[in-house]
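Before any comments, here is the structure.
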Amino acid sequence: MKSPTPLHALVTGATGGIGRGICFALIEQARKDDMRIHISAAASQPGDRLDRLLDELRATGATASGVAGDITDPAECLALVVQAQAQGGDLTALVCNAGASGPGRLADLPVAQWDRTFNLNTRSAWLLAQAAREQLARTRGSITAVASMSGLTPHPGYGAYSAAKAALIMLCRQLAQEWASDGIRVNTVCPGMIRTPLTEAVYQDEATLHQRQALVPLGRIGRAEDVGAAVAYLASAAASYVTGQNLVVDGGISDHMLTLIPGRPGTPPVAQD
Ligand SMILES: NC(=O)c1ccc[n+]([C@@H]2O[C@H](COP(=O)([O-])OP(=O)(O)OC[C@H]3O[C@@H](n4cnc5c(N)ncnc54)[C@H](OP(=O)(O)O)[C@@H]3O)[C@@H](O)[C@H]2O)c1
């Protein structure tokens with residue numbers, strides 16, 4: 001028999017590649033845990049994409065509602081959380097997934113682009129977390145933010161993105177310390193190279209696909225489901241003693257650099273898919 005108190009997850013960037021994967025992974029995790037779940041799927045604006053996602057989520061047997069707003073606007077961050085609560089009750093999980101890179105050289109990056117990258121990838125997570133804090137304290141819930149391997153390793157040409165994702169990881173570690181006494185857990189996930197609509201154009205080129213795969217020790221490009229499973233774990237009761245952690249989901253690529261140093265014996269071969 002299902003628990004009478006449903007889980008309620010607000011997922012930003014839900015209509016994007018990884019966001020969709022997270023929504024379905026949360027539903028699958030709730031099914032395994034024999035819990036009911038309501039998904040508040042957040043998009044930057046209402047429309048057909050959000051409506052289609054809601055239909056797909058409801059087809060699994062979960063309940064779902066849509067919320068929309070631009071998370072670079074502080075008032076809209078607050079409004080998203082208020083709308084989500086009105087539709088599905090107190091949140092048990094906040095997943096700050098929406099984000100985007102903004103390529104550029106630091107030598108001449110416009111200040112407006114720096115600010116937008118930080119407001120989207122970093123400040124929004126703090127504002128959403130602030131807005132959700134009282135609800136999450138009541139439910140002893142969790143926050144999981146989607147950072148990037150670019151937040152762990154410098155990514156030349158990526159403008160403010162690496163700095164913004166690195167700041168997001170530290171923001172979440174700090175929140176984890178400040179809010180542990182409220183029973184709120186805060187963690188991050190760092191995806192590596194994930195094939196989503198955002199990155200699909202790159203993988204349409206077979207040569208680039210193979211070159212990228214060859215760099216990944218596990219021998220394949222990541223999928224949205226890989227990131228979704230990590231987020232679902234961190235949001236689940238199985239992670240009830242895990243906070244302030246960063247889970248890297250990258251097939252091993254971030255740690256692979258030293259393996260590439262030529263002229264050393266015993267360099268292991270890269271796995272093939
Ligand atoms: N794909 C990768 O290889 C990769 C690797 C590392 C990290 N990541 C991170 O993973 C997350 C998801 O990426 P993805 O690959 O799934 O990209 P995606 O398909 O482009 O999805 C990103 C989502 O962010 C939302 N978003 C963008 N700007 C927004 C705004 N101002 N207000 C509200 N929502 C906004 C978009 O919503 P709308 O569609 O409604 O506009 C979109 O659904 C991002 O944080 C990204 O930095 C991705």
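Per-structure values
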{"read-out": "Rounded Å value of the spacing that divides the Cα centres of the range 62-77 and the range 193-219", "value": "31"}
{"read-out": "Rg in Å to one decimal, and Dmax rounded to a whole Å, for the range 46-117 via C-alpha atoms", "value": "16.2, 51"}
{"read-out": "Rg in Å to one decimal, and Dmax rounded to a whole Å, for the range 192-263 via C-alpha atoms", "value": "14.8, 47"}
{"read-out": "Neighbour-count order for 261, 194, fewest beta carbons within 10 angstrom listed first", "value": "261, 194"}
{"read-out": "log10 of Debye I(q)/I(0), alpha-carbon scatterers only, for the range 98-149 at 0.18, 0.23 Å⁻¹", "value": "-0.67, -0.88"}
{"read-out": "Selected from 243, 259, 188 as most flexible by GNM, with the chain as the system and alpha-carbon contacts under 10 Å", "value": "259"}
{"read-out": "Distant alpha-carbon pairs in the range 79-173 (separation over 18 angstrom), percent", "value": "48"}
{"read-out": "At 1.567 mPa s and 4 °C, Stokes diffusion of the chain via Kirkwood alpha-carbon radius, µm² per second", "value": "68"}
{"read-out": "Residues whose placed amide H lies under 5 Å from that of residue 188, excluding near-sequence neighbours", "value": "145, 245, 246, 247"}
{"read-out": "Spin-label model distance (nm) - residue 106 vs residue 255, 7 Å beyond Cα toward Cβ", "value": "2.7"}
{"read-out": "Rough spin-label spacing in nm, given labels placed 7 Å along Cα→Cβ, for residue 52 and residue 214", "value": "3.6"}
{"read-out": "Over the range 21-160, volume per residue of the alpha carbon convex hull, in Å³", "value": "121"}
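Every read-out reported here was derived from the displayed coordinates using simple, explicitly stated rules and does not represent laboratory data. Quick caveat: nothing in here was measured; it's all calculated off a predicted structure. Cβ atoms come from the backbone with ideal geometry, glycine included; neighbour counts cover every protein chain shown.
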